[in-house]
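The values are calculated or read from the model by the stated rules, or taken from the named source; none is laboratory data. These figures come from a predicted structure and were not determined experimentally. All Cβ positions, even for glycine, are placed from backbone atoms using ideal geometry, and neighbour counts span all protein chains on display.
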Amino acid sequence: MEKLNKKNSFVLYHDLVNVVEKLTKKDREDNTNNAGELFLLILEYVNGENDIPPNFIVEMAFEPIKHQLNRDFEKWDETRQKRIDAGRKGGEKTAELRREQANQANATSATANQANATSATTIQVSQAGTDTGETTRKASTGLNYSDDNDLPF
């Protein structure tokens, strides 16, 4: 027998006390243990271990309890599934927002990198001729400056 649910708890309703009181009184008269057997059967049932009552009296007491447990477990499964679906939807929205933010950050970063690369001025200094001592400086604008006084900076 399979465990009814993956929860670690279940609900017993307080109106069950009437059945247990009657079973206990009868147990005392007949020197039996039907109330204890009923409780054990309930615990075994929710843990998926046993659903066969040891006798007719316990079976009669257990039958409505079993149906109520099944209704409660079905209701819990529906609630659980709704929560799973809602969590998945929320996770998808969060993931989409994060992707959009990352895309915006990447676009901003790429734009900034492109602007930096375009506006960066590199100056290359090279010796045009070692014997004449002429030095040519070239800015990224492509202009040649042969004299230090001609430099724009």
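Only residues that are touching a residue at least 24 places away in the same chain (Cβ under 8 Å) and either part of a helix (DSSP H, G or I) or among the small types (Gly, Ala, Ser) (or both) were counted in region 21-70, giving 16. Counting only residues that are touching a residue at least 12 places away in the same chain (Cβ under 8 Å) and under 20 Å from residue 17 (Cβ atoms), region 71-84 holds 1 of them.
Scan region 8-20 and give yes if some residue there is part of a helix (DSSP H, G or I), β-branched (Val, Ile, Thr) and in contact with a Phe, Trp or Tyr (Cβ under 9 Å, 6 or more places away or on another chain), otherwise no.
yes
Close contacts from region 7-19, counting a first residue that is closer than 14 Å to residue 69 by Cα and a second that is part of a helix (DSSP H, G or I) and of a type in the set (Asp, Glu), with Cβ to Cβ under 8 Å and a gap of 6+ residues or different chains, come to 10/72; 11/72.
It is to be established whether one or more residues within region 118-138 are in a helix (DSSP H, G or I), modelled with pLDDT under 70 and farther than 30 Å from residue 23 by Cβ. Scanning region 118-138 turns up at least one residue that is in a helix (DSSP H, G or I), modelled with pLDDT under 70 and farther than 30 Å from residue 23 by Cβ. Condition first: at pLDDT 90 or above and surrounded by 16 or more Cβ atoms within 10 Å (Cβ to Cβ). Can you find one or more residues in region 84-107 that meet it? Scanning region 84-107, I find no residue that is at pLDDT 90 or above and surrounded by 16 or more Cβ atoms within 10 Å (Cβ to Cβ), so the answer is no.
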